[in-house]
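Comments concern the structure below.
The values are calculated or read from the model by the stated rules, or taken from the named source; none is laboratory data. Everything numeric in this text was worked out from a predicted model, so none of it was measured. Using ideal geometry, Cβ is built from the backbone for each residue, glycine included, and neighbour counts are taken over all protein chains shown.
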Amino acid sequence: MTADSQEYELDQDGFLKDLNQWSETVAHSIAQDNDLTLDENHFEIIFLLRDFYQKHQVAPANRPFVKMVKLALGQEKGNSIYLMTLFPQSPAKLAAKISGLPKPPNCF
Amino acid sequence: MTLHLIQRSPFSNSALKDCLNIIDSQDSILLMEDGVYGLQHSLMQQTKLTAYALQEDMTARGLTSKNSIKEIDYCEFVNLCSQHQHVISWY
Amino acid sequence: MTHKILIIARSAPYGSSLAREGLDYVLTSAAYDQDICLLFLGDGIFQLLKGQQPKQINLKSQIGAMEILPLYDIEDLFVVEEDLIERNIDTKDLGMKVVSIKRAEVSQLINSQHKVLSF
Amino acid sequence: MKFSLLILASPYSQQGGLSALKFAQACLNQGHQIYRVFFYHEAVQTASFLQTPQQDESNLHQLWCELAEQHKIDLVTCIAAALKRGVLDKSEAKRYEKDGFNLQKPFELSGLGQLLDAQINSDQLITFA
């Protein structure tokens, strides 16, 4: 795959193979593959998630993901409806994919 | 009431010591695998606890029971597990 | 039904993967809405030390991952006081908020749980 | 009673897997039920059908297969612990673009949720480390 003349590879589930290749451009491109157009609201969450991962080296499950956003940005954004609108279906998983976090090995 | 399974030798691992530190007088202890070397250890020789050792693991290692520790087989091991509220392994 | 599950952590981090794999189980159980509490005993206490930098040995941080336990609504972390003293560790040296209990109180904690598992 | 077993022991370096087999057999002989056997930590290697011990040694993989088939026991291997240690079934091998696989029925790969389910739904979960 190419985004802005930058080469990167995705695995079968759409996760980045080399996490070091992540950039905002790559994020846009992964989002497009998932029928999603990113705006600043998405990026607010994406950078939050990337910071969180950098610090803890764990990608949060859905409920802790919501709680993390709530702690950082308040109730208005830290609720599952808002996050579901930004990252439909499975917010924690889709946000992780777009944010360049590793693929969780189990499917729960 | 808890059954504590000791699965390592007390001469090289703290499993037995850690367990005895917190054990309740109502609890029981079962020495198994290398845990049966506990039979040779002063920690077990003084104990007033209800203690068992897995006979097959003792025989395999050439050990014989020296004190009040009761030798049991796998059938009795299963029974003990079903009679206790919790079973905790120490390894 | 929510079950009260106690996980006893008695493995030091890094030398073996048990501490990490135990934590993975804790996070999974909490994600499935179980009522989890943790007891750090023996060498398990070393998981809680501040200032761990395992990047140096190419491993993920145990304390870094444990910092997210409150997000999983795991608030009850117990340590055995005598085991801290034996290891010359003060609660100030720990990276998490914990409750110290005496060795003699551990069986009471165990008896109050539906399920117990040790890693 | 309903028992589940959690095995952590490496199959040929440690005794735990053999003890667990004896325990499972004793349970079944006494009419108890084995709800699930969960392989985690080093024990995930037990699930590989490629293991080839000498003829006069126990083949742990085969012994579990026989017991599972005879008594319809659930043999679950932790997927995260297995993948990193090179234990994959056909579909995971495909997913991660690997040339071979070494896990098949009656063993299966699944998440730690299956261990939680075993702990909650059994009367007793016994760990063999």
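Structure notes:
- Whenever a residue of the stretch D:14-36 is among the aliphatic types (A, V, I, L, M), its partners that are surrounded by fewer than 17 Cβ atoms within 10 Å (Cβ to Cβ), lying with C-beta atoms within less than 6 angstrom and at least six residues away or across chains, give the pairs D:LEU21/D:LEU63; D:ALA26/B:CYS75; D:LEU28/D:HIS71.
- Scanning the stretch A:2-14 turns up at least one residue that is buried (at least 19 other Cβ atoms within 10 Å of the Cβ) and more than 24 Å from C:SER61 (Cα to Cα).
- Qualifying residue in the stretch C:24-33 (condition: without any contact (Cβ under 8 Å) to a residue 40 or more places away in the chain, within 14 Å of chain D (Cβ to nearest Cβ) and at positive phi): yes
- Scanning the stretch B:59-91 for residues that are without any contact (Cβ under 8 Å) to a residue 60 or more places away in the chain, aliphatic (A, V, I, L, M) and either under 19 Å from D:GLN30 (Cα atoms) or within 13 Å of chain D (Cβ to nearest Cβ) (or both) yields B:ALA60, B:ILE72, B:VAL78.
- Residue in the stretch B:22-40 that is surrounded by the most Cβ atoms within 10 Å (Cβ to Cβ), counting only those that are away from every other protein chain (no Cβ under 14 Å) and more than 23 Å from C:ALA104 (Cα to Cα): B:LEU39
- The residues listed here are D:GLY86, D:GLY17; of these, the one that is modelled with pLDDT of 95 or more, small (Gly, Ala, Ser) and at positive phi is D:GLY86.
- Among the residues of the stretch D:103-118, those identified as out of contact with any Cys (no Cβ under 9 Å at 6 or more places or on another chain), assigned to a helix (DSSP H, G or I) and within 14 Å of chain A (Cβ to nearest Cβ) are D:GLY113, D:LEU116, D:ASP117.
- Subset of the stretch C:43-59 [touching a strand residue (DSSP E or B) at 6+ places or on another chain (Cβ under 8 Å) and assigned to a helix (DSSP H, G or I)]: C:GLY44, C:ILE45, C:GLN47, C:LEU48
- From D:ASP89, D:ASP74, residue being among the acidic types (Asp, Glu) and under 11 Å from the mean Cα position of the chain (by Cα): D:ASP74
- Given (1) of a type in the set (Ser, Thr, Tyr); (2) free of Cβ contacts under 8 Å to residues at least 60 places away in the same chain; (3) within 12 Å of chain C (Cβ to nearest Cβ), index of the condition B:THR47 fails: (3)
- Some residue of the stretch A:17-25 being within 27 Å of D:LYS84 (Cβ to Cβ), within 14 Å of chain D (Cβ to nearest Cβ) and surrounded by fewer than 13 Cβ atoms within 10 Å (Cβ to Cβ): yes
- For the stretch D:16-32, a residue qualifies if it is in contact with a strand residue (DSSP E or B) (Cβ under 7 Å, 6 or more places away or on another chain), not in a loop (DSSP other than H, G, I, E, B) and not hydroxyl-bearing (Ser, Thr, Tyr), and the qualifying residues are D:GLY16, D:GLY17, D:ALA20, D:PHE23, D:ALA24, D:CYS27, D:LEU28.
- Residues of the stretch C:47-61 satisfying the condition of being in contact (Cβ under 8 Å) with a residue 40 or more places away in the chain and surrounded by fewer than 22 Cβ atoms within 10 Å (Cβ to Cβ): C:LEU49, C:LYS50, C:GLY51, C:GLN52, C:PRO54, C:ILE57, C:LEU59, C:LYS60
- Residue that is surrounded by 13 or more Cβ atoms within 10 Å (Cβ to Cβ), part of a helix (DSSP H, G or I) and hydroxyl-bearing (Ser, Thr, Tyr), where the choices are D:THR46, D:THR127, D:THR77: D:THR46
- Criterion applied to C:GLY51, C:GLY64, C:GLY15, C:GLY22 was being under 11 Å from the mean Cα position of the chain (by Cα) and of a type outside the set (A, V, I, L, M), and the one residue passing it is C:GLY22.
- Qualifying residues in the stretch B:55-91 (those that are of a type in the set (Ser, Thr, Tyr) and touching a Lys or Arg at 6+ places or on another chain (Cβ under 8 Å)) - the one surrounded by the most Cβ atoms within 10 Å (Cβ to Cβ): B:TYR91
- Qualifying residue in the stretch D:71-79 (condition: within 14 Å of chain A (Cβ to nearest Cβ) and without any contact (Cβ under 8 Å) to a residue 24 or more places away in the chain): no
- D:GLU57 vs. criteria in a loop (DSSP other than H, G, I, E, B), within 30 Å of B:ASN79 (Cα to Cα) and more than 12 Å from chain A (Cβ to nearest Cβ): yes
- Of all residues in the stretch C:60-99, those being within 14 Å of chain B (Cβ to nearest Cβ) and either hydroxyl-bearing (Ser, Thr, Tyr) or in a helix (DSSP H, G or I) (or both) number 6.
- Of the residues making up the stretch C:62-76, those that are farther than 16 Å from A:PHE52 by Cα and surrounded by fewer than 20 Cβ atoms within 10 Å (Cβ to Cβ) number 3.
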